[in-house]
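Beneath this line is the structure, given in structure tokens, with notes to follow.
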Amino acid sequence: MIKSALRRPVPFLLVLPFAAGCALLSLAPARADEVKTPPPPDILLGPLFNAVQSAKLFPDQKTFADAVPKGDPLTILADYRMQQSQRSFDLRHFVSLNFTLPKENAKYTPPTGQSLRQHIDGLWPVLTRTTGSVEKWDSLLPLPKPYVVPGGRFREVYYWDSYFTMLGLAESGRWDSVRDMVDNFAYEIDTWGHIPNGNRSYYLSRSQPPFFSLMVELLASRDGDTALVKYLPQMKKEHDYWMAGADGLEKSKAAERVVKMADGSLLNRYWDARDTPRPESWVEDINTAKSNPERPAAEIYRDLRAAAASGWDFSSRWLDDPQKLNTIHTTRIVPVDLNALMFSMEKTLARASIAAKDDDAARHYTAMADARRTAIEKYLWNNKAGWYADYDLKNHQVRGQLTAAALFPLFVNAASKERAAKMASVAESRLLKAGGITTTTVSSGQQWDQPNGWAPLQWVAVQGLTNYGSSKVAMEITWRFLSNVQRTYDREQKLVEKYDVVSAGAGGGGGEYPLQDGFGWSNGVTLKMLDMLCPKAQPCDSVPKARPAAAGEPAAAQAVKS
């Protein structure tokens with residue numbers, strides 16, 4: 001009986017002990033300087049939340065997760081319990097009386113005749129939000145400074161998205177916005193101990209790819225080492241969050257986000273503190289768990305959430321069977337991109353410690369970075385295939401799948417020259433398509449798989465290859481992806497969240513929701529790439545008709561044929 005109960009979707013009464021420490025009676029913060037840990041809406045509203053999401057009152061499950069109760073949730077819940085058994089009870093009407101639903105953003109109509117650059121520059125104010133205070137029961141978490149959201153259904157700031165958005169803000173000369181966003185993330189670290197997936201109460205149980213130190217490095221490129229010293233305390237706190245549980249961990253064991261390998265090396269994985277359905281994808285997660293009764297539902301929920309923490313939600317990268325989401329095992333996998341970012345964080349911490357004249361700390365973080373680089377080279381390189389890959393903790397071996405994450409060690413300068421050269425060859429022959437770098441070589445219907453290409457992964461590839469002198473391949477990726485963006489913009493007058501890089505002229509598909517317009521990280525990467533194509537003295541507003549020559553390439557380079 002106990003075994004079968006564990007395989008059912010976890011009911012509300014079993015999820016009350018929220019690992020982040022939420023109490024059912026906790027109040028949502030009124031202002032950014034008056035913060036208590038708010039419970040997520042599935043805990044706050046319990047059976048009512050489950051009823052609304054299960055009834056599919058709204059096409060997007062995120063709608064009700066973002067709804068704001070008009071009164072005390074306990075009173076609303078008591079009213080629901082009293083009324084739900086009445087024959088005349090109308091759940092939709094009850095929700096409309098007791099909740100304020102999120103408003104759809106007014107459709108942005110750009111001025112006619114704008115170039116690609118002009119369109120993006122005009123979008124920054126449209127995507128900027130200020131929420132120093134929020135409604136008492138709102139799932140939105142207040143932030144002290146303005147911030148830029150991705151766009152579309154995403155009404156809050158997202159962690160790893162923001163780094164690529166900030167690259168574009170810097171290219172647009174909006175350094176005040178870059179500083180504001182770094183300040184916001186530092187505030188979140190001070191308040192919550194980490195940067196949540198996004199500024200919503202239901203995102204507090206997980207983080208996302210740790211780009212904060214790279215954000216600080218970006219700001220330091222403008223403000224100098226004073227920026228490194230200023231945010232050193234928060235960078236240390238974030239590192240502590242990722243490494244929590246490492247002390248005393250036995251070999252070949254894992255604790256939350258830390259894994260100790262058989263030789264004692266420390267690496268990291270993605271994790272979520274909760275093992276229940278995601279509020280923003282409630283029914284989808286319950287159905288996924290139901291479709292595989294051989295696994296405990298809580299285990300599937302944790303792996304779905306951990307994949308959301310990775311930013312790659314979802315991808316065959318995390319699946320035992322590429323065509324079945326219910327075979328997801330994210331927490332069993334040591335990701336190459338995460339550990340490359342942790343290496344970068346440790347190098348930045350060492351640099352910041354030197355700037356702060358703390359030589360002991362600098363030596364400590366340098367030693368950690370060196371040890372991690374050694375572990376990456378040992379565990380996250382597929383010697384047989386000739387590319388970087390993830391490590392499977394159950395099978396005790398590197399996984400065979402090639403993904404765009406393999407380029408992260410080049411992005412952070414953690415790769416050897418020999419392996420970087422092999423990655424350049426692999427990227428060109430296996431990942432590069434007519435419209436840019438594909439996310440994986442598998443077509444599964446998941447949005448982080450072929451044929452989709454995502455702006456952040458294009459930038460990681462381009463920057464990583466450039467770091468190791470593979471300028472021709474880097475330019476090829478830049479040209480093909482930008483041409484893809486330009487064709488879509490010329491036809492639809494918008495940038496989108498992801499692109500089909502195989503057909504090379506359309507937005508991407510797959511996943512849990514429709515293609516979103518906006519779009520923060522596409523805007524940022526597009527501006528960075530435009531400025532790579534054209535000299536600073538003559539910046540281009542749109543993609544040139546012919547591909548410029550890469551460094552060391554004949555000047556008569558021709559446009560790529562799709």
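The values are calculated or read from the model by the stated rules, or taken from the named source; none is laboratory data. These numbers come from a predicted model, not from an experiment. Positions of Cβ are backbone-derived with ideal geometry, glycine not excepted, and every protein chain shown enters the neighbour counts. Just the protein is used for accessible areas: all its heavy atoms, side chains included, with ligands, DNA and RNA removed. Shrake-Rupley method; radii C 1.70, N 1.55, O 1.52, S 1.80 Å.
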- Picking from Trp312, Trp318, Trp242, Trp271, which residue would you name as being of a type in the set (A, V, I, L, M, F, W, C), over 18 Å from His194 (Cβ atoms) and touching a residue at least 24 places away in the same chain (Cβ under 8 Å)? Trp312
- Among (1) part of a helix (DSSP H, G or I); (2) in contact with a Lys or Arg (Cβ under 8 Å, 6 or more places away or on another chain), Ala504 falls short only on (1)
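Confirm whether Tyr388 is over 23 Å from the mean Cα position of the chain (by Cα) and either at positive phi or among the aromatic types (Phe, Trp, Tyr) (or both).
Considered against the rule, which asks whether it is over 23 Å from the mean Cα position of the chain (by Cα) and either at positive phi or among the aromatic types (Phe, Trp, Tyr) (or both), Tyr388 comes out as no.
If the requirement is being in a helix (DSSP H, G or I) and within 21 Å of Tyr241 (Cβ to Cβ), which of these qualifies: Lys347, Lys378?
Details: Lys378 fails: within 21 Å of Tyr241 (Cβ to Cβ).
Just a single option satisfies the conditions, and that option is Lys347.
Among the candidates Trp124, Trp160, Trp137, single out the residue that is among the aromatic types (Phe, Trp, Tyr) and open to solvent by 10 Å² or more (accessible area, probe 1.4 Å). Reasoning before the result, please.
Values: Trp124 fails: open to solvent by 10 Å² or more (accessible area, probe 1.4 Å); Trp160 fails: open to solvent by 10 Å² or more (accessible area, probe 1.4 Å).
Within the list Trp124, Trp160, Trp137, the selection yields Trp137.
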- Of (1) modelled with pLDDT of 95 or more; (2) on the phi > 0 side of the Ramachandran plot; (3) open to solvent by less than 10 Å² (accessible area, probe 1.4 Å), Gly151 satisfies all except one. Which? (1)
- Count - residues of region 97-123 that are in contact (Cβ under 8 Å) with a residue 60 or more places away in the chain and hydrophobic (A, V, I, L, M, F, W, C): 3
- Asp180 in contact with a Lys or Arg (Cβ under 6 Å, 6 or more places away or on another chain) and either of a type outside the set (Lys, Arg) or within 16 Å of Lys237 (Cβ to Cβ) (or both): yes
- Query: Does region 481-492 contain any residue that is touching a Pro at 6+ places or on another chain (Cβ under 7 Å) and either more than 23 Å from Asp337 (Cβ to Cβ) or open to solvent by 20 Å² or more (accessible area, probe 1.4 Å) (or both)?
  - Reply: no
- Task: State whether the residues of region 510-519 include one that is open to solvent by 30 Å² or more (accessible area, probe 1.4 Å), closer than 27 Å to Ser429 by Cα and not in a helix (DSSP H, G or I).
- Result: yes
- Task: Please give the number of the condition Gln234 fails out of (1) touching a helix residue (DSSP H, G or I) at 6+ places or on another chain (Cβ under 7 Å); (2) surrounded by fewer than 17 Cβ atoms within 10 Å (Cβ to Cβ); (3) under 26 Å from Val336 (Cα atoms); (4) of a type outside the set (Ser, Thr, Tyr).
- Result: (2)
- Task: Scan region 68-92 for residues that are under 22 Å from Ser281 (Cα atoms), without any contact (Cβ under 8 Å) to a residue 60 or more places away in the chain and open to solvent by less than 70 Å² (accessible area, probe 1.4 Å) and jot them down.
- Result: Leu77, Leu91
- Note on the structure: Within region 177-199, the residues that are more than 22 Å from Leu338 (Cβ to Cβ) and open to solvent by 10 Å² or more (accessible area, probe 1.4 Å) are Ser177, Arg179, Asp180, Asp183, Tyr187, Asp190, Thr191
- Note on the structure: The lone condition Tyr241 fails out of (1) assigned to a helix (DSSP H, G or I); (2) surrounded by 19 or more Cβ atoms within 10 Å (Cβ to Cβ); (3) among the hydroxyl-bearing types (Ser, Thr, Tyr) is (2)
- Can you find even one residue in region 245-263 that is more than 30 Å from Leu349 (Cβ to Cβ), open to solvent by 50 Å² or more (accessible area, probe 1.4 Å), outside any loop (DSSP other than H, G, I, E, B) and out of contact with any Leu (no Cβ under 6 Å at 6 or more places or on another chain)? no
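Those residues that are closer than 15 Å to Leu338 by Cα and in contact with a strand residue (DSSP E or B) (Cβ under 7 Å, 6 or more places away or on another chain), I need them from region 294-314; list them, please. If you could, list the steps in order and put the result at the bottom.
Taking region 294-314 first, the residues closer than 15 Å to Leu338 by Cα are 306-313.
Result: Ala307, single match.
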